[in-house]
1. Which entries in the list Lys171/Lys240; Lys171/Lys233; Lys109/Lys535; Lys2/Lys81; Lys32/Lys456 go over 22 Å, if you measure between the two C-alpha atoms of each?
2. Sort Tyr547, Tyr199, Tyr560 from largest to smallest accessible area, using a 1.4 Å probe on the heavy atoms of the protein chains.
3. Could you give the C-alpha radius of gyration of the range 217-351 expressed as a fraction of 2.2 N^0.38 Å, taking N as the number of residues it contains?
4. Cross-link candidates for Lys227: which aspartates and glutamates have Cα within less than 14 Å, leaving aside residues fewer than 8 places away along the same chain?
5. At 4 °C and a viscosity of 1.567 mPa s, what translational diffusion coefficient does Stokes-Einstein give for the range 273-408, taking Rh as the Kirkwood radius over Cα pairs? Give it in µm²/s as a whole number.
6. How many times 2.2 N^0.38 Å is the alpha carbon radius of gyration of the range 331-487?
7. Could you pull out every residue, at least 5 positions away or on a different chain, whose amide H is within less than 5 Å of the one on His132? Hs are placed 1.01 Å off N in the peptide plane, and Pro or chain starts have none.
8. How large is ³J(HN,Hα) for each residue in the range 525-535, as worked out from phi by the Karplus curve 6.51 cos²θ - 1.76 cosθ + 1.60 (θ = phi - 60°), to whole Hz, x for Gly and Pro?
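The values are calculated or read from the model by the stated rules, or taken from the named source; none is laboratory data. Computed from a prediction, not measured in an experiment: that's the story for all the values here. Glycine also receives a Cβ, built like all others from the backbone with ideal geometry; neighbour counts cover every protein chain displayed. Heads up: the accessible areas ignore ligands, DNA and RNA and are worked out on the full protein's heavy atoms, side chains in. Shrake-Rupley method; radii C 1.70, N 1.55, O 1.52, S 1.80 Å.
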Amino acid sequence: MKIEQQIVSGVVAAVSELYGQQVAESQVQLQKTRAEFEGNLTVVVFPFVKMARKSPEQTAQEIGQWLVENCEAVSACNAVKGFLNLTVAPQAWEQLLADIDNDEQWGYKAVTDESPLVMIEYSSPNTNKPLHLGHVRNNLLGWSLAKIMEANGNRVVKTNIVNDRGIHICKSMLAWQKWGNGETPASSGKKGDHLIGDYYVLFDKHYREEVRQLQAQLEAEGLDAEKAEERAKQEAPLIKEAHEMLVKWEQNDPDVRSLWKMMNDWVYAGFDETYKALGVSFDKIYYESQTYLVGKKKVEEGLEKGLFFRKEDGSVWADLTDAGLDQKLLLRSDGTSVYMTQDIGTAQMRFQDYPIDKMIYVVGNEQNYHFQVLSLLLDRLGFKWGKELVHFSYGMVELPNGKMKSREGTVVDADDLMQLMVDDARRVADEAGKTADMSEEERQQIARIVGMGALKYFILKVDARKNMLFNPEESIDFNGNTGPFIQYTHARIRSILRKAEATNCQLTDYQLNQKETALIQKLNEFPAAVEQAGKDYSPSGIANYCYELTKEFNQFYHDYSILNAESEGAKAMRLVIARNVAKTLRNGMALLGIEVPERM
(Lines give C-alpha, C1' and ligand atoms only; values in the text may rest on other atoms or scores of the structure.)
Protein backbone atom coordinates (compact mmCIF):
# COMPACT_ATOMS: atom_id res chain seq x y z
CA MET A 1 0.00 0.00 0.00
CA LYS A 2 1.27 3.48 -0.85
CA ILE A 3 2.54 5.68 1.98
CA GLU A 4 -0.25 8.22 1.42
CA GLN A 5 -2.90 5.51 1.44
CA GLN A 6 -1.50 4.02 4.67
CA ILE A 7 -1.69 7.42 6.35
CA VAL A 8 -5.19 8.22 5.07
CA SER A 9 -6.46 4.82 6.26
CA GLY A 10 -4.69 5.41 9.56
CA VAL A 11 -6.39 8.78 10.10
CA VAL A 12 -9.81 7.22 9.40
CA ALA A 13 -9.05 4.48 11.95
CA ALA A 14 -7.73 7.00 14.49
CA VAL A 15 -10.86 9.18 14.32
CA SER A 16 -13.03 6.09 14.71
CA GLU A 17 -11.11 4.74 17.74
CA LEU A 18 -10.43 8.07 19.45
CA TYR A 19 -13.76 9.84 18.88
CA GLY A 20 -16.21 7.15 17.83
CA GLN A 21 -16.87 8.88 14.52
CA GLN A 22 -16.86 7.38 11.02
CA VAL A 23 -15.27 9.53 8.31
CA ALA A 24 -14.76 8.86 4.62
CA GLU A 25 -11.22 8.72 3.23
CA SER A 26 -12.17 11.63 0.97
CA GLN A 27 -12.46 13.83 4.09
CA VAL A 28 -8.78 13.34 4.91
CA GLN A 29 -6.72 16.16 3.42
CA LEU A 30 -3.06 15.20 2.96
CA GLN A 31 -0.42 17.53 1.57
CA LYS A 32 3.34 17.92 1.41
CA THR A 33 4.77 19.49 4.57
CA ARG A 34 5.95 23.04 4.06
CA ALA A 35 9.73 23.45 4.01
CA GLU A 36 9.87 25.49 7.24
CA PHE A 37 8.33 22.68 9.32
CA GLU A 38 9.68 19.30 10.34
CA GLY A 39 8.06 16.36 8.58
CA ASN A 40 7.20 14.97 5.15
CA LEU A 41 3.41 14.94 4.93
CA THR A 42 0.78 17.06 6.67
CA VAL A 43 -2.78 16.16 7.66
CA VAL A 44 -5.29 19.01 7.89
CA VAL A 45 -7.10 18.29 11.16
CA PHE A 46 -9.80 20.99 11.15
CA PRO A 47 -12.53 18.67 9.72
CA PHE A 48 -12.22 16.47 12.85
CA VAL A 49 -12.15 19.16 15.55
CA LYS A 50 -15.91 19.14 16.19
CA MET A 51 -15.88 15.35 16.40
CA ALA A 52 -13.08 15.48 19.00
CA ARG A 53 -14.63 18.41 20.91
CA LYS A 54 -11.11 19.61 21.58
CA SER A 55 -8.81 22.37 20.28
CA PRO A 56 -7.28 21.93 16.82
CA GLU A 57 -3.81 21.47 18.28
CA GLN A 58 -4.91 18.88 20.86
CA THR A 59 -6.87 17.00 18.20
CA ALA A 60 -3.79 16.97 15.95
CA GLN A 61 -1.57 15.74 18.79
CA GLU A 62 -3.94 12.88 19.66
CA ILE A 63 -4.34 11.70 16.07
CA GLY A 64 -0.56 12.04 15.52
CA GLN A 65 0.28 9.98 18.59
CA TRP A 66 -2.19 7.29 17.49
CA LEU A 67 -0.52 7.14 14.05
CA VAL A 68 3.00 6.88 15.53
CA GLU A 69 1.86 3.92 17.66
CA ASN A 70 -0.30 2.16 15.07
CA CYS A 71 0.77 3.14 11.53
CA GLU A 72 4.04 1.61 10.31
CA ALA A 73 4.53 4.40 7.76
CA VAL A 74 4.77 7.09 10.50
CA SER A 75 7.77 7.43 12.81
CA ALA A 76 7.19 10.86 14.39
CA CYS A 77 4.76 13.78 14.44
CA ASN A 78 4.38 17.39 15.49
CA ALA A 79 1.28 19.55 15.65
CA VAL A 80 1.11 23.18 14.56
CA LYS A 81 -2.40 24.43 15.39
CA GLY A 82 -4.74 22.42 13.15
CA PHE A 83 -1.99 20.92 11.04
CA LEU A 84 -0.44 17.55 11.86
CA ASN A 85 3.06 17.18 10.38
CA LEU A 86 4.15 13.56 10.00
CA THR A 87 7.62 12.13 9.54
CA VAL A 88 7.56 9.05 7.33
CA ALA A 89 9.43 6.03 8.70
CA PRO A 90 12.74 5.18 6.94
CA GLN A 91 11.57 1.66 6.13
CA ALA A 92 8.52 3.09 4.37
CA TRP A 93 10.74 5.25 2.14
CA GLU A 94 12.97 2.26 1.38
CA GLN A 95 10.00 0.09 0.47
CA LEU A 96 8.62 2.87 -1.72
CA LEU A 97 11.95 3.18 -3.54
CA ALA A 98 12.03 -0.58 -4.08
CA ASP A 99 8.51 -0.46 -5.53
CA ILE A 100 9.45 2.38 -7.89
CA ASP A 101 12.61 0.55 -8.90
CA ASN A 102 10.60 -2.52 -9.92
CA ASP A 103 8.16 -0.53 -12.09
CA GLU A 104 9.54 0.36 -15.53
CA GLN A 105 6.26 2.08 -16.41
CA TRP A 106 6.46 4.16 -13.25
CA GLY A 107 3.81 6.88 -13.22
CA TYR A 108 1.70 5.33 -16.00
CA LYS A 109 -1.63 3.56 -15.53
CA ALA A 110 -2.42 0.42 -17.49
CA VAL A 111 -4.61 0.66 -20.60
CA THR A 112 -7.03 -2.18 -21.33
CA ASP A 113 -9.64 -2.94 -23.97
CA GLU A 114 -12.22 -1.61 -21.50
CA SER A 115 -10.49 1.73 -20.94
CA PRO A 116 -12.38 4.88 -22.02
CA LEU A 117 -11.70 5.96 -25.61
CA VAL A 118 -10.46 9.53 -25.96
CA MET A 119 -10.12 11.07 -29.42
CA ILE A 120 -7.80 14.04 -29.81
CA GLU A 121 -7.81 16.27 -32.89
CA TYR A 122 -4.77 18.40 -33.57
CA SER A 123 -2.71 19.94 -36.39
CA SER A 124 -5.60 20.86 -38.78
CA PRO A 125 -3.42 22.32 -41.57
CA ASN A 126 -4.49 24.03 -44.79
CA THR A 127 -3.14 22.59 -48.02
CA ASN A 128 -2.16 25.99 -49.40
CA LYS A 129 0.91 26.53 -47.24
CA PRO A 130 3.55 24.73 -45.15
CA LEU A 131 3.31 24.27 -41.39
CA HIS A 132 4.54 27.23 -39.33
CA LEU A 133 5.41 28.03 -35.72
CA GLY A 134 1.73 28.18 -34.70
CA HIS A 135 1.24 24.67 -36.09
CA VAL A 136 4.32 23.55 -34.15
CA ARG A 137 2.70 24.57 -30.86
CA ASN A 138 -0.56 22.92 -31.88
CA ASN A 139 1.09 19.63 -32.86
CA LEU A 140 3.30 19.48 -29.78
CA LEU A 141 0.37 20.18 -27.47
CA GLY A 142 -1.80 17.59 -29.22
CA TRP A 143 0.84 14.88 -29.17
CA SER A 144 1.74 15.52 -25.52
CA LEU A 145 -1.91 15.57 -24.49
CA ALA A 146 -2.41 12.21 -26.22
CA LYS A 147 0.51 10.72 -24.29
CA ILE A 148 -0.73 12.16 -21.00
CA MET A 149 -4.27 10.83 -21.51
CA GLU A 150 -2.84 7.41 -22.36
CA ALA A 151 -0.64 7.49 -19.24
CA ASN A 152 -3.85 8.10 -17.27
CA GLY A 153 -5.30 4.80 -18.48
CA ASN A 154 -7.24 5.90 -21.56
CA ARG A 155 -7.26 4.43 -25.03
CA VAL A 156 -6.37 7.29 -27.36
CA VAL A 157 -7.03 7.92 -31.04
CA LYS A 158 -5.02 10.78 -32.55
CA THR A 159 -6.77 12.46 -35.47
CA ASN A 160 -6.11 15.26 -37.93
CA ILE A 161 -8.63 17.17 -40.06
CA VAL A 162 -7.05 18.61 -43.19
CA ASN A 163 -8.61 21.72 -44.71
CA ASP A 164 -8.17 20.72 -48.34
CA ARG A 165 -10.98 22.68 -49.98
CA GLY A 166 -12.07 26.31 -50.27
CA ILE A 167 -11.09 29.60 -51.85
CA HIS A 168 -7.60 29.64 -50.31
CA ILE A 169 -6.76 26.34 -52.03
CA CYS A 170 -7.99 27.73 -55.33
CA LYS A 171 -5.73 30.77 -54.96
CA SER A 172 -2.61 28.57 -54.93
CA MET A 173 -3.95 26.46 -57.80
CA LEU A 174 -4.74 29.50 -59.95
CA ALA A 175 -1.35 31.10 -59.28
CA TRP A 176 0.43 27.87 -60.28
CA GLN A 177 -1.64 27.69 -63.47
CA LYS A 178 -0.75 31.28 -64.39
CA TRP A 179 2.89 31.51 -63.36
CA GLY A 180 4.10 28.00 -62.56
CA ASN A 181 5.36 26.94 -65.98
CA GLY A 182 4.86 23.32 -64.94
CA GLU A 183 7.12 23.60 -61.87
CA THR A 184 7.05 20.56 -59.55
CA PRO A 185 8.74 19.65 -56.25
CA ALA A 186 11.12 17.44 -58.24
CA SER A 187 12.04 20.11 -60.78
CA SER A 188 12.42 22.87 -58.18
CA GLY A 189 14.05 20.86 -55.40
CA LYS A 190 11.48 22.26 -52.95
CA LYS A 191 9.24 20.39 -50.55
CA GLY A 192 5.72 20.27 -51.97
CA ASP A 193 4.13 22.27 -49.17
CA HIS A 194 6.75 25.00 -49.57
CA LEU A 195 6.23 25.13 -53.32
CA ILE A 196 2.46 25.54 -52.99
CA GLY A 197 2.92 28.10 -50.22
CA ASP A 198 5.08 30.17 -52.56
CA TYR A 199 2.22 30.30 -55.09
CA TYR A 200 -0.25 31.31 -52.35
CA VAL A 201 2.03 34.26 -51.54
CA LEU A 202 2.43 35.00 -55.26
CA PHE A 203 -1.36 35.10 -55.74
CA ASP A 204 -1.68 37.61 -52.92
CA LYS A 205 1.09 39.78 -54.38
CA HIS A 206 -0.62 40.01 -57.79
CA TYR A 207 -4.09 40.33 -56.22
CA ARG A 208 -3.02 43.28 -54.05
CA GLU A 209 -1.56 45.01 -57.09
CA GLU A 210 -4.85 44.52 -58.98
CA VAL A 211 -6.79 45.89 -56.00
CA ARG A 212 -4.47 48.90 -55.81
CA GLN A 213 -4.91 49.73 -59.50
CA LEU A 214 -8.67 49.17 -59.48
CA GLN A 215 -9.11 51.21 -56.31
CA ALA A 216 -7.19 54.12 -57.85
CA GLN A 217 -9.41 53.94 -60.93
CA LEU A 218 -12.61 53.93 -58.85
CA GLU A 219 -11.42 56.83 -56.72
CA ALA A 220 -10.65 58.75 -59.93
CA GLU A 221 -14.27 58.15 -60.92
CA GLY A 222 -15.40 59.81 -57.67
CA LEU A 223 -15.90 56.91 -55.25
CA ASP A 224 -14.62 57.49 -51.71
CA ALA A 225 -11.51 55.55 -50.66
CA GLU A 226 -13.15 53.07 -48.28
CA LYS A 227 -15.91 52.05 -50.69
CA ALA A 228 -13.45 51.99 -53.59
CA GLU A 229 -11.17 49.57 -51.71
CA GLU A 230 -14.06 47.27 -50.72
CA ARG A 231 -15.37 47.16 -54.30
CA ALA A 232 -11.87 46.66 -55.74
CA LYS A 233 -11.32 43.64 -53.49
CA GLN A 234 -14.54 42.07 -54.79
CA GLU A 235 -14.09 42.93 -58.46
CA ALA A 236 -10.38 42.28 -58.98
CA PRO A 237 -10.06 39.78 -61.86
CA LEU A 238 -7.90 37.34 -59.89
CA ILE A 239 -10.37 36.88 -57.01
CA LYS A 240 -13.19 36.41 -59.52
CA GLU A 241 -11.19 33.71 -61.29
CA ALA A 242 -10.47 32.01 -57.97
CA HIS A 243 -14.19 31.95 -57.13
CA GLU A 244 -14.97 30.55 -60.57
CA MET A 245 -12.43 27.79 -59.95
CA LEU A 246 -14.07 27.01 -56.61
CA VAL A 247 -17.46 26.66 -58.31
CA LYS A 248 -15.92 24.29 -60.85
CA TRP A 249 -14.38 22.29 -58.00
CA GLU A 250 -17.79 22.02 -56.31
CA GLN A 251 -19.22 20.83 -59.65
CA ASN A 252 -16.53 18.13 -59.92
CA ASP A 253 -14.92 19.64 -63.02
CA PRO A 254 -12.39 16.93 -64.04
CA ASP A 255 -9.57 19.34 -64.94
CA VAL A 256 -9.89 21.36 -61.74
CA ARG A 257 -10.17 18.21 -59.63
CA SER A 258 -7.12 16.67 -61.31
CA LEU A 259 -5.04 19.79 -60.64
CA TRP A 260 -6.33 19.92 -57.06
CA LYS A 261 -5.35 16.29 -56.40
CA MET A 262 -1.88 16.68 -57.91
CA MET A 263 -1.05 19.78 -55.89
CA ASN A 264 -2.54 18.38 -52.67
CA ASP A 265 -0.44 15.23 -53.05
CA TRP A 266 2.66 17.42 -53.23
CA VAL A 267 1.60 19.13 -50.02
CA TYR A 268 0.84 15.88 -48.16
CA ALA A 269 4.30 14.53 -48.98
CA GLY A 270 5.77 17.73 -47.55
CA PHE A 271 3.59 17.56 -44.43
CA ASP A 272 4.68 13.96 -43.80
CA GLU A 273 8.34 15.03 -43.73
CA THR A 274 7.57 17.80 -41.26
CA TYR A 275 5.49 15.57 -39.00
CA LYS A 276 8.25 12.95 -38.94
CA ALA A 277 10.89 15.53 -38.01
CA LEU A 278 8.59 16.92 -35.32
CA GLY A 279 8.00 13.43 -33.93
CA VAL A 280 4.20 13.41 -34.23
CA SER A 281 1.79 11.14 -36.07
CA PHE A 282 -1.91 10.34 -36.39
CA ASP A 283 -4.05 7.24 -36.20
CA LYS A 284 -6.65 8.63 -38.60
CA ILE A 285 -6.70 11.60 -40.98
CA TYR A 286 -9.96 13.17 -42.17
CA TYR A 287 -10.32 15.56 -45.09
CA GLU A 288 -12.84 18.39 -45.26
CA SER A 289 -13.44 17.58 -48.94
CA GLN A 290 -14.97 14.32 -47.66
CA THR A 291 -16.72 15.61 -44.54
CA TYR A 292 -18.57 18.72 -45.76
CA LEU A 293 -21.23 16.77 -47.69
CA VAL A 294 -21.82 14.54 -44.66
CA GLY A 295 -22.26 17.72 -42.61
CA LYS A 296 -24.80 19.12 -45.08
CA LYS A 297 -26.82 15.91 -44.88
CA LYS A 298 -26.75 15.97 -41.07
CA VAL A 299 -27.91 19.61 -41.01
CA GLU A 300 -30.73 18.77 -43.43
CA GLU A 301 -31.79 15.93 -41.12
CA GLY A 302 -31.81 18.39 -38.22
CA LEU A 303 -33.92 20.77 -40.29
CA GLU A 304 -36.51 18.03 -40.89
CA LYS A 305 -36.62 17.28 -37.15
CA GLY A 306 -37.21 20.93 -36.33
CA LEU A 307 -33.81 21.40 -34.69
CA PHE A 308 -32.89 24.15 -37.19
CA PHE A 309 -34.85 26.63 -39.31
CA ARG A 310 -34.71 28.05 -42.82
CA LYS A 311 -34.80 31.76 -43.56
CA GLU A 312 -36.58 33.37 -46.53
CA ASP A 313 -33.38 33.44 -48.59
CA GLY A 314 -33.07 29.66 -48.23
CA SER A 315 -30.20 29.68 -45.71
CA VAL A 316 -30.35 27.27 -42.73
CA TRP A 317 -29.72 28.45 -39.17
CA ALA A 318 -29.59 27.16 -35.59
CA ASP A 319 -31.28 29.29 -32.94
CA LEU A 320 -29.09 29.16 -29.82
CA THR A 321 -30.57 32.17 -28.03
CA ASP A 322 -32.10 29.93 -25.35
CA ALA A 323 -28.51 28.99 -24.40
CA GLY A 324 -27.41 32.63 -24.22
CA LEU A 325 -25.78 32.59 -27.67
CA ASP A 326 -27.02 33.89 -31.02
CA GLN A 327 -28.29 32.39 -34.25
CA LYS A 328 -25.70 30.42 -36.18
CA LEU A 329 -25.53 29.98 -39.95
CA LEU A 330 -25.18 26.32 -41.04
CA LEU A 331 -25.93 26.42 -44.77
CA ARG A 332 -25.69 29.47 -47.01
CA SER A 333 -28.60 30.49 -49.25
CA ASP A 334 -26.90 28.78 -52.20
CA GLY A 335 -26.70 25.53 -50.21
CA THR A 336 -22.94 25.62 -49.61
CA SER A 337 -21.53 24.70 -46.22
CA VAL A 338 -19.62 26.71 -43.63
CA TYR A 339 -16.89 25.55 -41.21
CA MET A 340 -19.48 24.60 -38.60
CA THR A 341 -21.23 22.31 -41.10
CA GLN A 342 -17.91 20.65 -41.92
CA ASP A 343 -17.18 20.08 -38.22
CA ILE A 344 -20.58 18.44 -37.80
CA GLY A 345 -19.82 16.17 -40.77
CA THR A 346 -16.41 15.28 -39.37
CA ALA A 347 -17.98 14.48 -36.00
CA GLN A 348 -20.52 12.20 -37.70
CA MET A 349 -17.79 10.29 -39.55
CA ARG A 350 -15.67 9.94 -36.42
CA PHE A 351 -18.61 8.72 -34.38
CA GLN A 352 -19.28 6.07 -37.01
CA ASP A 353 -15.61 5.02 -37.01
CA TYR A 354 -14.99 4.94 -33.25
CA PRO A 355 -16.99 4.49 -29.99
CA ILE A 356 -15.80 7.85 -28.64
CA ASP A 357 -16.20 8.54 -24.90
CA LYS A 358 -14.48 11.93 -24.93
CA MET A 359 -13.56 14.27 -27.80
CA ILE A 360 -10.77 16.84 -27.40
CA TYR A 361 -10.13 19.55 -30.01
CA VAL A 362 -6.70 21.20 -29.88
CA VAL A 363 -7.48 24.56 -31.50
CA GLY A 364 -6.34 28.14 -30.80
CA ASN A 365 -8.31 30.41 -28.48
CA GLU A 366 -9.60 32.56 -31.36
CA GLN A 367 -12.07 29.69 -31.93
CA ASN A 368 -13.51 29.61 -28.39
CA TYR A 369 -16.98 30.73 -29.51
CA HIS A 370 -16.99 28.28 -32.43
CA PHE A 371 -16.58 25.34 -30.03
CA GLN A 372 -19.22 26.63 -27.64
CA VAL A 373 -21.63 26.50 -30.57
CA LEU A 374 -20.36 23.17 -31.88
CA SER A 375 -20.83 21.55 -28.46
CA LEU A 376 -24.47 22.63 -28.33
CA LEU A 377 -25.17 21.58 -31.92
CA LEU A 378 -23.60 18.13 -31.53
CA ASP A 379 -25.54 17.57 -28.32
CA ARG A 380 -28.82 18.50 -30.04
CA LEU A 381 -27.96 16.21 -32.95
CA GLY A 382 -27.59 13.28 -30.53
CA PHE A 383 -23.85 12.78 -30.13
CA LYS A 384 -23.41 11.39 -26.61
CA TRP A 385 -20.11 13.26 -26.08
CA GLY A 386 -21.27 16.50 -27.73
CA LYS A 387 -22.12 18.44 -24.60
CA GLU A 388 -18.94 17.29 -22.89
CA LEU A 389 -16.51 17.92 -25.76
CA VAL A 390 -13.29 19.58 -24.66
CA HIS A 391 -11.89 22.54 -26.55
CA PHE A 392 -8.23 22.52 -25.56
CA SER A 393 -7.87 26.24 -26.15
CA TYR A 394 -4.33 27.56 -26.41
CA GLY A 395 -2.77 30.97 -26.92
CA MET A 396 -0.87 32.27 -29.89
CA VAL A 397 2.89 32.12 -30.38
CA GLU A 398 4.58 35.41 -31.06
CA LEU A 399 8.13 36.28 -31.92
CA PRO A 400 10.38 39.05 -30.64
CA ASN A 401 9.67 40.93 -33.90
CA GLY A 402 5.88 40.52 -33.84
CA LYS A 403 3.09 38.34 -35.27
CA MET A 404 3.19 36.13 -38.34
CA LYS A 405 1.25 36.65 -41.58
CA SER A 406 1.10 33.73 -44.00
CA ARG A 407 -0.30 35.72 -46.93
CA GLU A 408 2.77 37.93 -46.91
CA GLY A 409 5.19 35.05 -46.56
CA THR A 410 6.46 36.29 -43.18
CA VAL A 411 5.64 33.16 -41.18
CA VAL A 412 8.27 31.23 -39.26
CA ASP A 413 8.40 28.03 -41.26
CA ALA A 414 8.32 24.86 -39.14
CA ASP A 415 11.02 23.12 -41.18
CA ASP A 416 13.35 26.11 -41.02
CA LEU A 417 12.74 26.48 -37.29
CA MET A 418 13.53 22.83 -36.56
CA GLN A 419 16.72 22.97 -38.61
CA LEU A 420 17.74 26.16 -36.80
CA MET A 421 17.25 24.45 -33.43
CA VAL A 422 19.31 21.42 -34.45
CA ASP A 423 22.07 23.61 -35.90
CA ASP A 424 22.15 25.75 -32.75
CA ALA A 425 22.38 22.67 -30.55
CA ARG A 426 25.29 21.36 -32.61
CA ARG A 427 27.08 24.71 -32.44
CA VAL A 428 26.65 25.07 -28.66
CA ALA A 429 27.80 21.49 -28.03
CA ASP A 430 30.84 21.84 -30.30
CA GLU A 431 31.87 25.17 -28.74
CA ALA A 432 31.64 23.63 -25.27
CA GLY A 433 33.73 20.65 -26.36
CA LYS A 434 31.01 18.23 -25.25
CA THR A 435 31.12 16.12 -28.43
CA ALA A 436 34.87 15.84 -28.97
CA ASP A 437 34.97 12.06 -28.40
CA MET A 438 31.89 11.28 -30.53
CA SER A 439 31.59 10.08 -34.10
CA GLU A 440 30.04 12.45 -36.64
CA GLU A 441 26.89 10.32 -36.74
CA GLU A 442 26.53 10.47 -32.96
CA ARG A 443 27.14 14.24 -32.94
CA GLN A 444 24.32 14.74 -35.45
CA GLN A 445 22.01 12.47 -33.49
CA ILE A 446 22.71 14.28 -30.22
CA ALA A 447 22.23 17.65 -31.95
CA ARG A 448 18.83 16.49 -33.22
CA ILE A 449 17.73 15.19 -29.81
CA VAL A 450 18.91 18.29 -27.96
CA GLY A 451 17.69 20.80 -30.55
CA MET A 452 14.23 19.27 -30.80
CA GLY A 453 14.10 18.79 -27.03
CA ALA A 454 14.88 22.48 -26.55
CA LEU A 455 12.13 23.50 -28.96
CA LYS A 456 9.50 21.17 -27.50
CA TYR A 457 10.25 21.93 -23.87
CA PHE A 458 10.32 25.70 -24.38
CA ILE A 459 6.86 25.57 -25.94
CA LEU A 460 5.30 22.98 -23.63
CA LYS A 461 6.54 24.40 -20.31
CA VAL A 462 4.28 27.43 -20.82
CA ASP A 463 0.65 27.21 -19.68
CA ALA A 464 -1.13 26.40 -22.95
CA ARG A 465 -3.85 28.99 -22.31
CA LYS A 466 -1.35 31.84 -22.42
CA ASN A 467 0.10 33.61 -25.42
CA MET A 468 3.82 33.01 -25.53
CA LEU A 469 6.92 34.62 -26.92
CA PHE A 470 9.25 32.10 -28.54
CA ASN A 471 12.95 32.91 -28.40
CA PRO A 472 15.15 30.16 -29.90
CA GLU A 473 18.32 31.48 -28.22
CA GLU A 474 16.83 31.15 -24.72
CA SER A 475 15.68 27.58 -25.35
CA ILE A 476 19.21 26.25 -26.11
CA ASP A 477 20.67 26.65 -22.65
CA PHE A 478 22.17 23.94 -20.47
CA ASN A 479 21.17 25.83 -17.31
CA GLY A 480 17.78 26.93 -16.06
CA ASN A 481 14.30 25.75 -16.96
CA THR A 482 15.13 24.29 -20.38
CA GLY A 483 14.98 20.96 -22.16
CA PRO A 484 18.78 20.65 -22.52
CA PHE A 485 19.21 21.16 -18.73
CA ILE A 486 16.96 18.17 -18.03
CA GLN A 487 18.45 16.11 -20.87
CA TYR A 488 21.99 16.79 -19.62
CA THR A 489 21.06 15.69 -16.11
CA HIS A 490 19.65 12.42 -17.47
CA ALA A 491 22.84 11.86 -19.51
CA ARG A 492 24.97 12.61 -16.44
CA ILE A 493 23.09 10.01 -14.38
CA ARG A 494 23.41 7.43 -17.15
CA SER A 495 27.16 8.10 -17.22
CA ILE A 496 27.37 7.52 -13.46
CA LEU A 497 25.44 4.26 -13.80
CA ARG A 498 27.71 3.05 -16.62
CA LYS A 499 30.78 3.69 -14.45
CA ALA A 500 29.14 1.76 -11.61
CA GLU A 501 28.11 -1.27 -13.66
CA ALA A 502 30.25 -3.58 -11.56
CA THR A 503 28.62 -2.31 -8.36
CA ASN A 504 26.02 -4.40 -6.60
CA CYS A 505 23.26 -1.83 -7.00
CA GLN A 506 20.88 -3.34 -4.44
CA LEU A 507 19.25 -1.72 -1.44
CA THR A 508 21.04 -2.55 1.82
CA ASP A 509 20.82 -1.45 5.43
CA TYR A 510 21.52 2.26 5.30
CA GLN A 511 20.14 5.26 7.13
CA LEU A 512 18.69 7.68 4.56
CA ASN A 513 19.68 11.32 4.95
CA GLN A 514 17.28 14.22 4.50
CA LYS A 515 18.24 14.97 0.88
CA GLU A 516 17.84 11.32 -0.13
CA THR A 517 14.45 11.17 1.53
CA ALA A 518 13.41 14.36 -0.27
CA LEU A 519 14.41 12.84 -3.61
CA ILE A 520 12.40 9.66 -2.97
CA GLN A 521 9.42 11.79 -1.94
CA LYS A 522 9.80 13.82 -5.15
CA LEU A 523 9.87 10.61 -7.19
CA ASN A 524 6.69 9.55 -5.41
CA GLU A 525 4.94 12.71 -6.64
CA PHE A 526 5.27 11.72 -10.30
CA PRO A 527 2.08 9.62 -10.61
CA ALA A 528 0.09 12.45 -8.99
CA ALA A 529 1.66 14.95 -11.41
CA VAL A 530 0.64 12.74 -14.36
CA GLU A 531 -2.88 12.38 -12.99
CA GLN A 532 -3.23 16.13 -12.43
CA ALA A 533 -1.90 16.89 -15.91
CA GLY A 534 -4.61 14.61 -17.29
CA LYS A 535 -7.35 16.32 -15.29
CA ASP A 536 -6.14 19.79 -16.24
CA TYR A 537 -5.13 18.92 -19.83
CA SER A 538 -1.78 20.45 -18.94
CA PRO A 539 1.53 19.36 -20.51
CA SER A 540 3.14 22.26 -18.64
CA GLY A 541 2.44 20.42 -15.37
CA ILE A 542 4.66 17.55 -16.52
CA ALA A 543 7.38 19.94 -17.73
CA ASN A 544 7.40 21.72 -14.39
CA TYR A 545 7.60 18.43 -12.49
CA CYS A 546 10.59 17.28 -14.57
CA TYR A 547 12.34 20.57 -13.94
CA GLU A 548 11.75 20.41 -10.18
CA LEU A 549 13.00 16.81 -9.99
CA THR A 550 16.08 17.77 -12.03
CA LYS A 551 16.86 20.70 -9.74
CA GLU A 552 16.46 18.52 -6.65
CA PHE A 553 18.77 15.82 -8.00
CA ASN A 554 21.43 18.33 -9.05
CA GLN A 555 21.42 19.88 -5.59
CA PHE A 556 21.78 16.42 -4.06
CA TYR A 557 24.59 15.53 -6.47
CA HIS A 558 26.35 18.78 -5.58
CA ASP A 559 26.23 17.92 -1.86
CA TYR A 560 26.87 14.17 -1.93
CA SER A 561 29.14 11.89 -3.90
CA ILE A 562 27.62 8.78 -5.44
CA LEU A 563 30.52 6.73 -6.79
CA ASN A 564 32.81 7.82 -3.94
CA ALA A 565 30.19 7.59 -1.20
CA GLU A 566 31.29 7.16 2.42
CA SER A 567 30.12 3.52 2.53
CA GLU A 568 29.06 0.73 0.20
CA GLY A 569 25.54 0.99 1.63
CA ALA A 570 25.37 4.71 0.81
CA LYS A 571 26.78 4.10 -2.66
CA ALA A 572 24.23 1.37 -3.45
CA MET A 573 21.33 3.44 -2.12
CA ARG A 574 22.35 6.54 -4.10
CA LEU A 575 22.80 4.53 -7.29
CA VAL A 576 19.28 3.15 -6.95
CA ILE A 577 17.91 6.64 -6.31
CA ALA A 578 19.84 8.03 -9.30
CA ARG A 579 18.65 5.17 -11.52
CA ASN A 580 15.05 5.96 -10.70
CA VAL A 581 15.49 9.70 -11.13
CA ALA A 582 16.76 8.96 -14.65
CA LYS A 583 13.83 6.60 -15.31
CA THR A 584 11.31 9.13 -14.05
CA LEU A 585 12.83 11.90 -16.17
CA ARG A 586 12.73 9.59 -19.17
CA ASN A 587 9.06 8.71 -18.53
CA GLY A 588 8.14 12.33 -17.87
CA MET A 589 9.89 13.79 -20.89
CA ALA A 590 8.37 11.05 -23.08
CA LEU A 591 4.96 12.52 -22.19
CA LEU A 592 6.19 15.74 -23.81
CA GLY A 593 7.45 13.90 -26.88
CA ILE A 594 11.06 14.61 -25.84
CA GLU A 595 13.89 12.11 -26.09
CA VAL A 596 16.61 11.99 -23.43
CA PRO A 597 20.08 10.94 -24.61
CA GLU A 598 22.31 8.38 -22.93
CA ARG A 599 25.20 10.81 -23.16
CA MET A 600 25.80 14.41 -24.14
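1. Beyond 22 Å between Cα atoms: Lys2/Lys81; Lys32/Lys456.
2. I get Tyr560, Tyr547, Tyr199, largest accessible area first.
3. Taking the Cα Rg and dividing by 2.2 N^0.38 Å, one obtains 1.40.
4. Leaving aside aspartates and glutamates fewer than 8 places away in the same chain, those within reach of Lys227 are Glu219, Glu235.
5. 78 µm²/s
6. In units of the globular-protein estimate, the range 331-487 measures up at 1.42.
7. Answer set, sorted by chain and number: Ala414.
8. Working through the residues one at a time gives 7, 4, x, 5, 5, 5, 4, 5, 4, x, 5 Hz.
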